[in-house]
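Below: the structure, in structure tokens.
The values are calculated or read from the model by the stated rules, or taken from the named source; none is laboratory data. All values reported here derive from a predicted model rather than from experimental measurement. Positions of Cβ are generated from backbone atoms using ideal geometry, with glycine treated the same way; all protein chains shown enter the neighbour counts.
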Amino acid sequence: MTTYADSARLVMERCDILGGYSEEPDRLTRRYGTEEMRRANAAVAEWMREAGMETRQDAIGNLIGRYEGSSPDAKTFLLGSHLDTVRDAGKYDGPLGVMVALACVERLHARGERLPCALEIYAFADEEGLRYHTAYLGSSATAGSFDLALLAREDADGIPLADAIRAFGGDPDRLAESARRRDELLGYAEIHIEQGPVLEERGYPVGLVSAIQGQSRIAVTFTGEAGHAGTVPMWMRRDALCAAAEMVLAAETLAKGTVGAKGPNAAGSLTLGSLFVAEFGAPITGNPPFGGHPPYIENFLATVGQLTVEPGASNVIPGRVTLSLDVRHPDDKVRVKACQNLERRAREIAGRRGLRLDWRVAQETATVACSKRLTKLLRQAIESQPALVHTLPSGAGHDAAIMSQIAEIAMLFVRCERGISHSPAEAVAPEDVATAVEVTERFLALLAKDVAKRGAR
């Protein structure tokens, strides 16, 4: 019988192989619909067939492997993650989840074992959204929520998404056929690297995901007036970059706000501590596992990751600046209220500096709670291991959030080195992958018992 360590080694080897399918010679980049994505799908399809699965590719390009249940009319349980990457990616964000799921099916196939439900593994064709700048193309088609208006969107080379789908072997006119029905599904589970440092810091090989926290993405533009850096007096300037700099620090101050703390993060109406007291009656705080910090607002994150400065010359006062604002929290009320607070702050900054403000919500995703039933089974599977169970929310988005539209979901995080992801430095330990395979296999065994008890039809 293959050991879990052997299965983990195979998972790691396959992630290495997939890491070689890249559009760029010196770094891993695999966008939707490319030849490299086609090669990745072909390799995974071959491994699926060797594991006793039937394979197909749907109208958007998702690769699907099916392992039949013990009866032909049994319902289906889905596992999966994505095979596309960000630019200059690591090897495990996405592919690890597909490979761990495949390893579990391989172990079933080696024993000649069938479950009272069918298993399908989805290798989603696009989660990261690198090519068309809109995430979850693959899972949204599966969930029946694909926005057909996106078909006209063009990539950097002017290729419409509809043409890319056709070139990839799909059919933009038949995307509705990719949608799955809720009544045929038992649920969806996704294994994924944590993409954060919590499991490593606290010494857990895997973690149980409680929810995928809500997210707001906002484009904030300050428009002032460009001018000569050597001739316009400081008091006459309408410098858009100075306003943007204030806004960046305002977002950080809000996210670090605490109750009862002294110092710059505790001053003024922008502190989250004040926000929670005013809006929700009491602060929501936690104590960080490291020293030197007062209680903080747990799981609240605000990030500015992009700044576009125009005209962008060293001797010209910036006349227009656009910044990205990413706000996340597992309580949607808190996230929405924080965004409103930040918008008020942006308008105050713009008004004081004589600038025009454009505040545009580019994307808003509600918090998605994981299924209590499936999470209970996954918890039991982890509790069978020597390690204690650690529960945490996901700060990143996942295909599971989209799949929640049609099925109950569960997620298992795998510890990653220093919490690094979306980077070539992304790394996981083989022994942690072995734990993930074992936990997932135990989860499927518990699911089988639950299905048999409830009835899969």
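A few remarks follow.
- Being surrounded by 14 or more Cβ atoms within 10 Å (Cβ to Cβ), in the same structural domain as residue 236 (by TED's automatic domain parsing), in contact (Cβ under 8 Å) with a residue 40 or more places away in the chain and touching a Leu at 6+ places or on another chain (Cβ under 9 Å) is a property that residue 345 has.
- Output for the range 1-18, where each listed residue is surrounded by fewer than 19 Cβ atoms within 10 Å (Cβ to Cβ) and under 30 Å from residue 155 (Cβ atoms): 16, 17
- Counted residues, the range 130-149 - those being touching a Phe, Trp or Tyr at 6+ places or on another chain (Cβ under 7 Å) and not hydroxyl-bearing (Ser, Thr, Tyr): 3
- Any hit, the range 38-48, residues being under 22 Å from residue 142 (Cβ atoms), buried (at least 24 other Cβ atoms within 10 Å of the Cβ) and among the charged types (D, E, K, R): no
- Complete set of residues in the range 197-222 that are more than 30 Å from residue 241 (Cβ to Cβ) and among the basic types (Lys, Arg): 202
- Residue within the range 32-49 that is in the same structural domain as residue 176 (by TED's automatic domain parsing), over 18 Å from residue 81 (Cβ atoms) and among the β-branched types (Val, Ile, Thr) present: yes
- Of the residues making up the range 391-414, those that are in contact with a Leu (Cβ under 7 Å, 6 or more places away or on another chain) and at pLDDT below 90 are 391, 395.
- If you go through the range 343-371 and pick out every residue that is more than 21 Å from residue 332 (Cβ to Cβ) and of a type outside the set (A, V, I, L, M, F, W, C), you end up with 8.
- Cβ separations smaller than 6 Å between residues 6+ apart or across chains give the following pairs from the range 68-80 residues that are without any contact (Cβ under 8 Å) to a residue 60 or more places away in the chain to residues that are basic (Lys, Arg): 70/114.
Conditions tested, residue by residue: (1) in contact (Cβ under 8 Å) with a residue 12 or more places away in the chain; (2) surrounded by 22 or more Cβ atoms within 10 Å (Cβ to Cβ); (3) touching a strand residue (DSSP E or B) at 6+ places or on another chain (Cβ under 9 Å).
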| site | (1), (2), (3) |
| --- | --- |
| 380 | yes, no, no |
| 384 | yes, no, no |
| 391 | yes, no, yes |
| 396 | yes, no, yes |
| 400 | yes, yes, yes |
| 414 | yes, yes, yes |
| 441 | yes, no, no |
| 449 | no, no, no |
